[in-house]
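Peer 1: Can you keep this structure in mind? I'll have questions shortly.
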Amino acid sequence: MGKSRKTVQIVILIAVLIIGGYAIGSTLFAADDKGPLKEGSKPPEFELVDIEGNTQQLSDYEGKAVVVNFWGTFCPPCVKEMPEFERQYAKWKDQGLVILAINLSEDTLTVNNFVRRFDLNYPILRDVNRQTERNYGLKSYPTTFFIKPDGSIMEIKVGGMTEVEIDERIERLLQL
Amino acid sequence: MLVVENTKCECGHQNSVGTVLCESCGKPLENNELSDLPLEMRYDGVARRSQKSNPNLIDKIWNFFSSVKIAIYLIVFTFLTAMLGTIYPQENTFVNNFDPSVYYEETYGLPGKLYYLFGLSHTYETWWFIGLLVMIGTSLVICSLDRVLPLYRALSKQQIRKHLQFIHRQKTVYKHTIDGDAEQWTEKFGAQLKRKGYRIHREGSALLAEKNRFSRWGPYINHIGLILFLLAILARSIPDWQMDSYITIPDGDTVQIADTNYFVKNEKFTVEYYKDEELPAKLKGTARAKLFETKAVLYECVSSCNDQTQKPVLKEVKRHNIIVNEPLKYKGLKLYQFDFDTTPRLNAVHPILVNKETGEKYGPFDLPMKDSALHHKLGPYTLDLYANYMEFAIGDNGEPTTLSRDPVAPAFIFTVKGPGLDPKGEPYMYFPMQKDKVKFSQDAINHGIADKIEIRVDGMENVDFSEASTYLNVRMDKALPYVWIGAVFSMIGLLMGSYWQHRRIWLRIDDGQLSLGAHTNKNWYGMRSEVAGALQKIGITVDPKLLDNGGNNA
């Protein structure tokens, strides 16, 4: 009887360890996932179609410095930034910089007209029904996420930037 | 292993460490033989399980959780910390983009800032609160197990002839001298007790009568219920077990419920207000809602669900008119009416093209505000959509632009080819809304071509708009049925333990001297009157109060 009692004790304590460990562990991990994105947190994954019709995922660019910019034709500072990003892209793309410009769920003609007008060469992704922007907790436009090669956020810039500001941040990002 | 303490009773039974009353004859084992105070009858005097004289680490952990004192501390501590969570609203009571790091400090100042920093803004999801719940759960399991098994053993092999000390030190005691045959008397008395629902075990002139033993299992069944309840609550952290989100759906739209395979269509949202004559005097003239209703259809995606390049294939699974407190329910998913917005939204128009010189009409053609076809053929005319704007405006640089992405003031620029027009095509600007047509003077912008053709909508039946948007609260709680099962078990246990009492009567007759002792786990008043009642039936009248042998709660 002493032996079976010992087994019961161990089984119960192990069950407590597993269930309790899972419950406590999940609260610790949830703390990281929940709440608005901030520096150091991991940006949510997305899978969107670019204007050429190819599907692109954020995880396709793991290990690279990525700039994710949310923009719309209805937002003048976004419009001003787009050609600046184009110049920055030309300057840094050989060093592995990736720019993903996510359009804020506008219609095809609007996006195509805009891209043609500015002759943009970096991937322009199309959000659908504002899903991605909601996942990223966007409050105003433009918002730009600078993502380090290790997949965590270096900086979140809300609002427009001058070209010098963009350049300085990209340089810092590429050094990481 | 050496048993240091001598736990052998004079009747020859070997008891385990911690035993208060001999498991066999009931003789008190502690060195207070001179005392004649009522006995401690808890758990029938048996030792708690797993009490050892030289515990190792596992035994020590086990004994920690096996202590009721620790359990009470844990429960009190959990109550106190749970109170902290009620000082300010918790984070999960806020909807939409909400930044707790700013909110608490802005709203409540320094206390708010500290509240957030200590993690009290999500008290019930902190690791230490969940940790306390886990410890309470562990304590429940171990405390119960350590007590119910020895108790079960003790109650299932009770000796009938108990030690005299055991009988005389019960809280209800009766002594009397019997004339005549002892066994006969015992049998007669037993028959009386049987009529009161007792189970009789007789051994010569000794008797044990017992009823409602099952009520002793009530607390343990209650504990099983509580453990189930706790496990169900902890299970909420399993992915997909719990969801609480909000969706906005304009009339006629179909929207995916984030992180699920479900899509919801709002076929029509209706809000109805009380008429003035239906309202009491002091509410007249105010808008009081009578009904909010969303005609909703729930779809499940069957293929190409996550493929952005293709439209998902949907299958209707449920149709329901959602009103307040009557959610759409499907496989644990619940959609509640939450809010609404009655700002109308233009979805599409079906305009015609008129040749102003001949009066000939072509069309109508379908022109949705978003993602319209780029090419339209209308009789001899062709229309190529060149640009569109959701909220048309002239930008600072003098170029047309849009101020938002919602169709507030939509505008379309077509390149039109056809009879009497430039073969290369002429631009034509079209504002579907009359107010914009006037505001931006459509005819002046179009100048020359405005005299030759006109694009216009004939009648309201060619305008397609959403009158309102409905806001639904999406909820899913797979743990809830288990919470209910736990609650039912807990209730059954409570009823068993509260409405029935486990009563036992022991008696023995030694040389014509009757010794009777009785024990119940509660309601001693009832116990005494039951004994007195049975004695009365066989001709011994005794005042129930005189059976009281003292002791607490007697």
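Every read-out reported here was derived from the displayed coordinates using simple, explicitly stated rules and does not represent laboratory data. Model, not experiment: these values are computed from the prediction. Cβ placement follows ideal geometry from the backbone for every residue including glycine, while neighbour counts extend to all protein chains displayed.
Peer 1: Could you work out which residue, out of A:99, A:18, A:124, moves most in a Gaussian network model of chain A, that is, has the largest mean-square fluctuation with Cα springs under 10 Å?
Peer 2: A:18
Peer 1: What shape does chain B have by the C-alpha gyration tensor, where a ≥ b ≥ c are the square roots of the eigenvalues, rounded means a/c under 1.5, and otherwise prolate means a/b greater than b/c and oblate the rest?
Peer 2: Values: a/c = 4.18, a/b = 3.34, b/c = 1.25.
It is prolate, given that a/c is not under 1.5 and a/b is the larger ratio.
Peer 1: Report the one residue of B:22, B:250, B:101 whose Cα lies farthest in the direction of the positive end of the charge dipole of chain B (charges on C-beta: Lys and Arg +1, Asp and Glu -1; origin at the Cα centre).
Peer 2: B:22
Peer 1: For B:163, B:168, what's the fewest-to-most ordering of other Cβ within 10 Å of each Cβ? Don't skip to the end; give the middle numbers.
Peer 2: Details: B:163 21, B:168 17.
Lowest to highest Cβ neighbour count: B:168, B:163.
Peer 1: Given 0.36 nm per residue, what is the gain on full extension from residue B:279 to residue B:513 after removing their alpha carbon distance, in nm?
Peer 2: Numbers: separation 234, 0.36 × 234 = 84.24 nm, distance 8.34 nm.
Extra length available between residue B:279 and residue B:513 comes to 75.9 nm.
Peer 1: Moving on. Would you tell me the mean number of C-beta atoms belonging to other protein chains that fall within 10 Å of each C-beta in A:13-23, as a whole number? If you can, show how the numbers build up before the last one.
Peer 2: Details: counts 7, 0, 2, 9, 2, 0, 7, 8, 1, 6, 14.
Mean shielding by partner chains, rounded to a whole number: 5.
Peer 1: Turning to a different aspect of this structure: Residue by residue through B:118-130, how many Cβ atoms from other chains fall within 10 Å of the Cβ on average?
Peer 2: Mean partner-chain Cβ count within 10 Å for B:118-130: 3.
Peer 1: Hey, got the dipole for the range B:139-283? About the Cα centre, +1 on K and R Cβ, -1 on D and E Cβ, debye to the nearest 20?
Peer 2: Numbers: 22 positive and 17 negative charges, 391 e Å.
Value, rounded to 20: 1880 debye.
Peer 1: Contact order normalised by length for chain B, with contacts defined as Cα pairs under 8 Å and 6 or more residues apart; what percent is it? Intermediate results must be reported in sequence, preceding the final value.
Peer 2: Working: 969 pairs, mean separation 103.4, N = 554.
Averaging sequence separation for qualifying contacts and normalising by length gives 19 percent for chain B.
Peer 1: If I model a spin label at residue B:438 and residue A:172 as a point 7 Å from the Cα along the Cα→Cβ vector, what separation in nanometres do I get?
Peer 2: Output for this residue pair reads 5.3 nm.
Peer 1: What number of lysine-lysine pairs in chain A show an alpha-carbon separation below 21 angstrom, given a sequence spacing of 8 or more or placement on distinct chains?
Peer 2: Lysine pairs meeting the criterion: 26.
Peer 1: Nearest 5 is fine: what % of DSSP beta bridges in the range A:50-176 come out antiparallel, could you say?
Peer 2: Values: 11 of 20 bridges.
Antiparallel: roughly 55 percent of the beta bridges in the range A:50-176.
Peer 1: Give, as a single signed number, the net charge of other residues whose beta carbon lies under 13 Å from the beta carbon of residue A:72, with Lys and Arg counted +1 and Asp and Glu -1.
Peer 2: Working: positive: A:80, A:126, A:130, B:405; negative: A:81, A:106, A:107, A:127, A:133, B:391, B:406.
For residues surrounding residue A:72, the net value is -3.
Peer 1: Out of residues 5 or more away from residue B:378 or on other chains, whose amide H comes under 5 Å of its own, with H placed 1.01 Å from N in the peptide plane?
Peer 2: B:383
Peer 1: Let me ask something else about it. Run the paramagnetic zone check for residue B:295: 7 angstrom along Cα to Cβ, then residues of the range B:446-471 with backbone nitrogen under 16 Å.
Peer 2: Only B:465-470 fall inside the zone, counting backbone N under 16 Å.
Peer 1: Just for the range A:1-111, what percent of DSSP beta bridges are antiparallel, to the closest 5? Please report the intermediate quantities before stating the final value.
Peer 2: On the way: 3 of 9 bridges.
Here the antiparallel bridges make up roughly 35 percent for the range A:1-111.
Peer 1: To continue, here is another question. Hey, with R₀ at 56 Å, roughly what FRET efficiency would residue B:286 and residue A:11 work out to, going by the Cβ-Cβ distance, to 0.05?
Peer 2: Using R0 = 56 Å, I get an efficiency of 0.30.
Peer 1: May I ask which residue of B:363, B:312, B:501 lies farthest towards the positive end of the charge dipole of chain B, with charges of +1 (Lys, Arg) and -1 (Asp, Glu) on Cβ and the Cα centre as origin?
Peer 2: B:501
Peer 1: Right, another one. With +1 on the Cβ of every Lys and Arg and -1 on the Cβ of every Asp and Glu, and nothing else charged, how large is the dipole of the protein assembly as shown about its Cα centre, in debye rounded to the nearest 20?
Peer 2: Numbers: 85 positive and 88 negative charges, 1028 e Å.
That gives the protein assembly as shown a dipole magnitude of about 4940 debye.
Peer 1: Could you name the lysines in cross-link range of residue B:437, using Cα to Cα under 26 Å and dropping any fewer than eight places away on the same chain?
Peer 2: Straight-distance partners of residue B:437: B:356, B:361, B:370, B:377, B:417, B:424, B:452.
Peer 1: Quick one: Karplus J couplings for the range A:75-84, per residue in order, coefficients 6.51, -1.76, 1.60, θ = phi - 60°, nearest Hz, x for Gly and Pro?
Peer 2: So the J values, rounded to whole Hz, are 10, x, x, 5, 4, 5, 6, 4, x, 5.
Peer 1: What residue among A:23, A:90, A:101 shows peak mean-square fluctuation when chain A is described by a Gaussian network model with Cα springs under 10 Å?
Peer 2: Result for chain A, Cα springs under 10 Å: A:23 fluctuates most.
Peer 1: Let me ask something additional. Note down, for the protein assembly as shown, the three equivalent ellipsoid semi-axes (square root of 5 times each alpha carbon gyration tensor eigenvalue), biggest first, whole angstrom. Show your work: numbers first, answer last.
Peer 2: Details: eigenvalues 1337, 205, 78 Å².
Its equivalent ellipsoid spans semi-axes of 82, 32, 20 Å.
Peer 1: Loop only by DSSP, 11 or fewer other Cβ within 10 Å of the Cβ. Give me the GluC sites (Glu not before Pro) in the range B:21-104 that pass, ordered by residue number. Display every interim value, and only then the final one.
Peer 2: Working: sites: B:23, B:30, B:33, B:40, B:91; in loops: B:23, B:30, B:33, B:40.
Answer by residue number: B:33.
Peer 1: Enumerate by residue number the trypsin sites (Lys or Arg not before Pro) in the range B:243-297 meeting two conditions: DSSP loop (anything except H, G, I, E, B), and at most 11 other Cβ atoms within 10 Å of the site's Cβ. Let's see the in-between values first.
Peer 2: On the way: sites: B:265, B:268, B:275, B:282, B:284, B:288, B:290, B:295; in loops: B:275, B:284, B:288.
Taking the range B:243-297 and a limit of 11 other Cβ atoms within 10 Å, the loop trypsin sites (Lys or Arg not before Pro) found are B:275.
Peer 1: Okay, moving on. DSSP loop (so not H, G, I, E, B), at most 13 other Cβ within 10 Å: list which trypsin sites (Lys or Arg not before Pro) in the range B:124-212 pass both filters. Can you show the working numbers first?
Peer 2: On the way: sites: B:147, B:153, B:157, B:161, B:162, B:169, B:171, B:175, B:188, B:194, B:195, B:196, B:199, B:202, B:211; in loops: B:157, B:161, B:162, B:169, B:171, B:196.
Here the sparse-neighbourhood loop sites are B:157.
Peer 1: Each label point is 7 Å from the Cα along the Cα-to-Cβ direction; what then is the distance between the points at residue B:128 and residue B:203, in nm?
Peer 2: 5.5
Peer 1: Something else about it: Report, in deg cm²/dmol and to the nearest 500, the calculated mean residue ellipticity at 222 nm for chain B, where each DSSP H run with n ≥ 4 adds -39500 (n - 2.57) and the sum is divided by the residue count.
Peer 2: One gets -9500 deg cm²/dmol as the mean residue ellipticity at 222 nm.
Peer 1: Contact order normalised by length for the range B:405-554, with contacts defined as Cα pairs under 8 Å and 6 or more residues apart; what percent is it? Please report the intermediate quantities before stating the final value.
Peer 2: Values: 106 pairs, mean separation 14.7, N = 150.
With pairs under 8 Å counted, the relative contact order is 10 percent.
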